[in-house]
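Here the structure comes first, spelled out in structure tokens, and everything after it is commentary.
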Amino acid sequence: MIHGLFHVMSIIALVYFVVLNGTYLVFTGVAWRGITQHRRERRYAALEEAFASPLTPPISILLPAYNEEAGIVQSVHSLLALRYPSLEVVVVSDGSTDSTVERLREAFDLVPVRKALRAGIETAPVLATYASRLKPSLTVIEKENGGKADALNCGVNAARHAYVCAIDADALLEEDALLRVAKPIVDDPERVVATGGIVRIVNGCSVDHGRVVSVGLPTSSIATMQVVEYLRAFLVGRVGWSRLGLLLIISGAFGVFRRSLVEAVGGWSTTTVGEDVELVLRLHRHLKERGEEYRIEFVADPVCWTECPETLRVLSRQRRRWQRGLAEALWRHRRLVGNPRYGLLGMFALPYFLLFELLGPVIQLLGLPIVIVAFAVDSVSLGFLVAFLLMSLFLAVLLSVSALALEEVSFRRHASGREAARLLAYAVLENFGYRQINDVWRLQALVDLARGKTKWGEMPRRGLGLPNEAPSRS
Amino acid sequence: MISVLTWGAAALAVCGWVSVCALAVRRFVLVRLERRRGKAELRLRRVALALLEGESVDLTDLNGDDADVLATVLGRFGRNLRGATTARIASFFERQGEVYRQLEALGSRRPWRRATAAFVLGDMGSRQGIASLRAALDDPDLAVRSAAARSLGRLGEPTAVEPLVQALAERRIPRSVAGQALLAIGEPALPVLRNLVRAPEPEARGLAVELVGLLGAASDGAELVGRLRDSSAEVRANAAHALGKLGAEEGAAELRGALGDRIPFVRAAVARALGVVGDADVVPELLQVAREDSFDPARAAAGAAARLDPAAVRYAAAVPGAGPHLHEAADLVEMAG
């Protein structure tokens with residue numbers, strides 16, 4: 001009886017691994033096609049024309065800031081200097097207890113102005129609003145603390161333009177990133193309602209005056225593994241989902257949205273830690289329920305650089321928070337899962353996220369012990385055990401290598417051969433411990449969620465705004 | 001089962017190794033190629049500048065790779081130049097047979113090759129490609145049509161105006177691409193655009209009105225004023241915007257009437273335009289809109305009133321019930337000193 005049970009469970013584990021990795025491989029193929037096409041399209045993207053055109057829609061950049069005194073002035077300077085025909089920057093200090101606003105006041109000669117704010121989305125009370133004598137396109141809002149989502153909503157209420165770009169206060173955008181990420185909107189403003197760009201890890205890069213001047217790899221192993229992980233997530237995952245018209249995540253660090261639509265769905269949710277995925281899901285749901293033709297796109301080349309955790313403690317917090325965010329978003333929109341009314345979104349994308357992203361850690365962590373126990377109780381042979389392990393390992397490595405290959409044939413940001421070799425080594429090494437510990441944290445998140453735990457702690461940052469700094473090498 | 005798994009694992013391992021080796025070789029080759037191209041670019045930049053200056057340059061020794069690099073450098077310069085220099089670049093490409101090659105590529109089976117060719121023909125500045133580019137506006141692929149439209153704009157080709165407008169009206173090219181191409185053609189596009197402001201398709205009317213606002217003169221005001229009563233809200237908003245852009249003061253009275261439009265974004269555009277072409281007489285109405293209307297029109301009206309009569313806005317903002325928009329406008333007036 002037990003023999004049979006373990007045998008069946010081993011087969012289930014095997015099927016799960018094959019289906020999961022097979023899906024990843026299909027995505028890699030789709031992404032490969034997408035990236036190749038995108039690379040060709042860049043030759044005739046006409047970005048210069050879009051930059052010079054008075055028809056390119058203006059964008060309001062929303063910068064939620066909580067205790068960002070170290071880098072806020074540099075961030076705002078670099079945003080105001082972005083290559084885009086018409087933009088405004090709205091900084092929302094979300095109850096900062098440090099001198100974030102004071103720094104901005106000094107740097108930009110801010111003057112209190114009773115700015116009119118839309119009442120569209122309810123937010124925590126606004127304490128003061130400022131305009132700048134030096135930069136007319138800068139608005140600063142000081143409000144009571146309500147979290148990042150609340151600050152973004154406040155920014156939406158203050159935005160003047162029809163499109164808003166949400167970015168993290170510690171994120172660095174490349175000079176033409178906004179123009180590139182907005183290009184699908186410029187080309188098809190009626191259908192494209194939101195776009196997101198790629199997030200890359202800045203640890204190890206040299207930063208000068210809010211710009212990445214040379215790309216490098218972090219010295220820390222944990223951070224380098226995240227570089228591989230981000231490449232896989234963005235170049236394979238996001239490109240693949242976007243090509244299928246099923247993009248569910250636009251990173252909170254960098255995304256452009258049609259403002260009227262964000263208002264129509266009530267803005268970013270303040271009651272989840274995964275407000276970015278939740279908003280995109282809500283947009284899909286809203287538009288599908290109205291039968292509207294729309295597109296939410298990921299663009300692979302506009303880069304937003306962001307700092308990643310370099311210690312296991314902080315990384316674990318971040319991953320648990322992400323997993324919890326996903327769980328909350330899926331729970332909130334559970335009616336869509338498996339619902340044919342929502343087309344491929346309901347029948348494929350959401351079941352995939354439920355089975356492989358949310359419950360994946362449970363199955364993946366159980367799969368290996370089950371096969372080992374099955375071997376111990378003679379349910380499966382040694383040959384099966386070894387073949388299973390090798391198959392899982394080689395599939396995982398191949399997937400990581402494919403992501404690196406995509407990066408290599410498309411953007412090749414890591415110019416030195418030594419760095420490429422290091423990335424390759426980490427693409428193999430991450431399968432021995434790193435991915436498993438990630439699964440443990442993600443599982444912990446589900447346990448925490450079940451226990452009602454809501455505190456996640458801070459993510460300490462080194463700060464990116466200062467000249468000539470290479471964060472992970474300091 | 002075990003043998004399937006074993007063979008599968010072996011196949012994956014082989015795939016992984018082959019990919020890694022292929023990538024390593026590719027990187028090695030690319031790095032060498034890029035280094036060589038970089039050196040060639042530095043060497044040939046001087047030749048390119050001499051060509052642009054109209055000096056006679058002996059190109060008989062130029063090998064195929066160098067010719068490609070020179071073409072790239074000249075193409076890059078070509079994007080930012082106009083007039084005689086463009087003609088010299090075009091003549092270089094024609095002599096080198098590059099225009100002919102791109103025209104051939106316009107007939108390629110692969111859409112991306114056709115799109116690249118259509119785009120590059122615009123950078124080359126040669127008029128030999130105009131007929132083919134016009135024909136490419138009917139290409140089955142959107143990217144090719146868009147690249148052709150962009151190139152026709154870059155070449156400033158007046159005969160392309162009607163096909164561009166037609167392609168826009170039939171939604172064969174995006175509005176932004178058509179608009180930018182027509183703007184690049186400039187004044188020669190105006191007669192067709194003026195006719196187009198009465199086109200049956202609201203999309204085409206809307207863009208035409210917007211472009212007349214950007215390219216036209218104050219004398220176009222009379223035609224645009226009529227569009228303030230268009231059946232399409234977008235056209236009405238664009239007409240108001242265009243009147244403001246052109247500074248067409250004869251449109252002020254009609255604009256004043258349009259402050260009562262039923263669509264908020266039209267009222268907002270009208271208020272903004274009045275801030276440019278209106279006078280002190282319209283300020284009380286603007287103040288009323290600023291106090292009572294919905295967000296966007298009210299904000300626009302407050303800003304317009306502040307532009308026309310800052311003192312009146314300061315005064316109105318001090319009155320109880322002035323509303324947030326007048327407060328903001330008054331504070332901004334104060335800040336500006």
* Can you name the residue in the range A:261-276 that is assigned to a helix (DSSP H, G or I) and modelled with pLDDT under 95 and is also nearest to A:Leu449 (Cα to Cα) among such residues? -> A:Glu275
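Each row is one residue, and each column tells you yes or no for (1) within 26 Å of A:Leu110 (Cα to Cα); (2) in a loop (DSSP other than H, G, I, E, B).
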| site | (1), (2) |
| --- | --- |
| B:Arg262 | no, yes |
| B:Ala268 | no, no |
| B:Val289 | no, no |
| B:Ala302 | yes, no |
| B:Ala322 | yes, yes |
* Asked: Inside the range A:252-273, can you point out the residues that are closer than 20 Å to A:Trp241 by Cβ and crowded, with 23+ Cβ neighbours inside 10 Å?
  -> A:Gly252, A:Phe254, A:Gly255, A:Val256, A:Phe257
* Asked: A:Arg282: of a type in the set (Lys, Arg) and out of contact with any strand residue (DSSP E or B) (no Cβ under 7 Å at 6 or more places or on another chain), yes or no?
  -> yes
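Mind telling me which of the residues B:Asp123, B:Asp138, B:Asp61 ends up being closer than 22 Å to B:Ala178 by Cβ and not in a helix (DSSP H, G or I)?
Numbers: B:Asp123 fails: not in a helix (DSSP H, G or I); B:Asp61 fails: closer than 22 Å to B:Ala178 by Cβ.
Sole residue among the options that is closer than 22 Å to B:Ala178 by Cβ and not in a helix (DSSP H, G or I): B:Asp138.
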* Answer yes if at least one residue in the range A:113-125 is among the β-branched types (Val, Ile, Thr) and within 27 Å of A:Gly274 (Cβ to Cβ), and no otherwise. => yes
* Identify all residues within the range B:199-245 that are touching a Lys or Arg at 6+ places or on another chain (Cβ under 7 Å) and outside any helix (DSSP H, G or I); write none if there are none. => B:Ala199, B:Leu228, B:Asp230, B:Ser232
* Pairs only if they're at least six apart or on different chains, beta carbon under 6 angstrom, first in the range A:408-422 and more than 15 Å from A:Tyr230 (Cβ to Cβ) and without any contact (Cβ under 8 Å) to a residue 24 or more places away in the chain, second outside any helix (DSSP H, G or I) and not polar (S, T, N, Q); list them, first residue then second. => A:Ala420/A:His414
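Got a number for residues in the range A:89-128 being within 13 Å of chain B (Cβ to nearest Cβ) and either under 19 Å from A:Ala166 (Cα atoms) or of a type in the set (A, V, I, L, M, F, W, C) (or both)?
Initial filter on the range A:89-128 (within 13 Å of chain B (Cβ to nearest Cβ)): A:108-121, A:126, A:128.
From what's left, either under 19 Å from A:Ala166 (Cα atoms) or of a type in the set (A, V, I, L, M, F, W, C) (or both): A:108, A:110-111, A:113, A:116-121, A:126, A:128.
Qualifying residue count, the range A:89-128: 12.
Considering only residues that are part of a helix (DSSP H, G or I) and more than 10 Å from chain B (Cβ to nearest Cβ), which ones fall in the range A:412-426?
Within the range A:412-426, the first condition is being part of a helix (DSSP H, G or I), and the residues that meet it are A:417-426.
If the condition is that a residue be part of a helix (DSSP H, G or I) and more than 10 Å from chain B (Cβ to nearest Cβ), then A:Arg418, A:Glu419, A:Arg422, A:Leu423, A:Ala425, A:Tyr426 are the ones that fit.
Given the options A:Ala387, A:Ala374, A:Ala403, name the one that is surrounded by 20 or more Cβ atoms within 10 Å (Cβ to Cβ) and within 19 Å of A:Arg200 (Cβ to Cβ).
Details: A:Ala387 fails: within 19 Å of A:Arg200 (Cβ to Cβ); A:Ala374 fails: within 19 Å of A:Arg200 (Cβ to Cβ).
A:Ala403 is the lone residue from the list that is surrounded by 20 or more Cβ atoms within 10 Å (Cβ to Cβ) and within 19 Å of A:Arg200 (Cβ to Cβ).
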* Could you grab me the full set of residues in the range A:377-411 that are within 8 Å of chain B (Cβ to nearest Cβ), of a type outside the set (A, V, I, L, M) and over 12 Å from B:Leu12 (Cα atoms)? => A:Ser381, A:Gly383, A:Phe384, A:Phe388, A:Glu408
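Of all residues in the range B:28-58 being in a loop (DSSP other than H, G, I, E, B) and charged (D, E, K, R), which is farthest from the chain's Cα centre (by Cα)? Explain how you work it out, then say what you get.
Here is the first cut: in the range B:28-58, the ones in a loop (DSSP other than H, G, I, E, B) are B:53-58.
When the remaining residues are screened for being charged (D, E, K, R), the result is B:53, B:55, B:58.
Details: B:Glu53: 29, B:Glu55: 34, B:Asp58: 38 Å.
Across the range B:28-58, the extreme among qualifying residues is B:Asp58.
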* To do: Check A:Ile72 against each of (1) surrounded by 21 or more Cβ atoms within 10 Å (Cβ to Cβ); (2) modelled with pLDDT of 95 or more and name the one condition it does not meet.
  => (2)
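Answer yes or no as to whether B:Ala24 is within 11 Å of chain A (Cβ to nearest Cβ) and of a type outside the set (Val, Ile, Thr). Please lay out each step first, then the result.
Details: within 11 Å of chain A (Cβ to nearest Cβ): yes; of a type outside the set (Val, Ile, Thr): yes.
So B:Ala24 passes the test.
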* Asked: part of a helix (DSSP H, G or I) and within 14 Å of chain A (Cβ to nearest Cβ) - does that describe any residue in the range B:274-282?
  -> no
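Residue under question is A:Leu47, and the condition is that it be within 14 Å of chain B (Cβ to nearest Cβ) and either among the polar types (S, T, N, Q) or surrounded by fewer than 20 Cβ atoms within 10 Å (Cβ to Cβ) (or both); does it hold? If you could, list the steps in order and put the result at the bottom.
On the way: within 14 Å of chain B (Cβ to nearest Cβ): yes; either among the polar types (S, T, N, Q) or surrounded by fewer than 20 Cβ atoms within 10 Å (Cβ to Cβ) (or both): yes.
Yes: the conditions hold for A:Leu47.
Out of the residues in the range A:189-198 that are touching a residue at least 60 places away in the same chain (Cβ under 8 Å) and surrounded by fewer than 22 Cβ atoms within 10 Å (Cβ to Cβ), state the one that is farthest from A:Arg295 (Cα to Cα).
At the first step, the residues of the range A:189-198 found to be touching a residue at least 60 places away in the same chain (Cβ under 8 Å) are A:189, A:191-198.
So of that shortlist, the ones also surrounded by fewer than 22 Cβ atoms within 10 Å (Cβ to Cβ) come out as A:189, A:191-192.
Details: A:Pro189: 10, A:Arg191: 6, A:Val192: 5 Å.
So, considering only residues that are touching a residue at least 60 places away in the same chain (Cβ under 8 Å) and surrounded by fewer than 22 Cβ atoms within 10 Å (Cβ to Cβ), the one farthest from A:Arg295 (Cα to Cα) is A:Pro189.
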* Asked: So which of B:Leu287, B:Leu332, B:Leu326 is more than 14 Å from chain A (Cβ to nearest Cβ) and either surrounded by 19 or more Cβ atoms within 10 Å (Cβ to Cβ) or of a type in the set (Val, Ile, Thr) (or both)?
  -> B:Leu287
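Is there a residue in the range B:311-320 that is facing another protein chain (nearest Cβ under 8 Å) and either crowded, with 20+ Cβ neighbours inside 10 Å or small (Gly, Ala, Ser) (or both)? Even if it seems obvious, please write down each step before you answer.
First, the residues of the range B:311-320 that are facing another protein chain (nearest Cβ under 8 Å): none.
No, the conditions are met nowhere in the range B:311-320.
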* Structure fact -> Residue count, the range A:18-41, condition more than 10 Å from chain B (Cβ to nearest Cβ) and among the basic types (Lys, Arg), comes to 1
* Structure fact -> Across (1) surrounded by fewer than 21 Cβ atoms within 10 Å (Cβ to Cβ); (2) farther than 19 Å from B:Cys15 by Cβ; (3) not aliphatic (A, V, I, L, M), A:Asn431 clears everything bar (2)
* Qualifying positions in the range B:291-315 - farther than 19 Å from A:Pro112 by Cα and hydrophobic (A, V, I, L, M, F, W, C) -> B:Phe295, B:Ala298, B:Ala300, B:Ala301, B:Ala304, B:Ala305, B:Leu308, B:Ala311, B:Ala312
* Exactly one of (1) in contact with a helix residue (DSSP H, G or I) (Cβ under 7 Å, 6 or more places away or on another chain); (2) among the charged types (D, E, K, R); (3) crowded, with 18+ Cβ neighbours inside 10 Å is unmet by A:Arg332. Its number? -> (3)
* Some residue of the range B:65-76 being surrounded by 14 or more Cβ atoms within 10 Å (Cβ to Cβ), within 12 Å of chain A (Cβ to nearest Cβ), of a type in the set (Ser, Thr, Tyr) and out of contact with any helix residue (DSSP H, G or I) (no Cβ under 7 Å at 6 or more places or on another chain) -> yes
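The values are calculated or read from the model by the stated rules, or taken from the named source; none is laboratory data. Everything quoted here is computed from the prediction, not taken from an experiment. Glycine also receives a Cβ, built like all others from the backbone with ideal geometry; neighbour counts cover every protein chain displayed.
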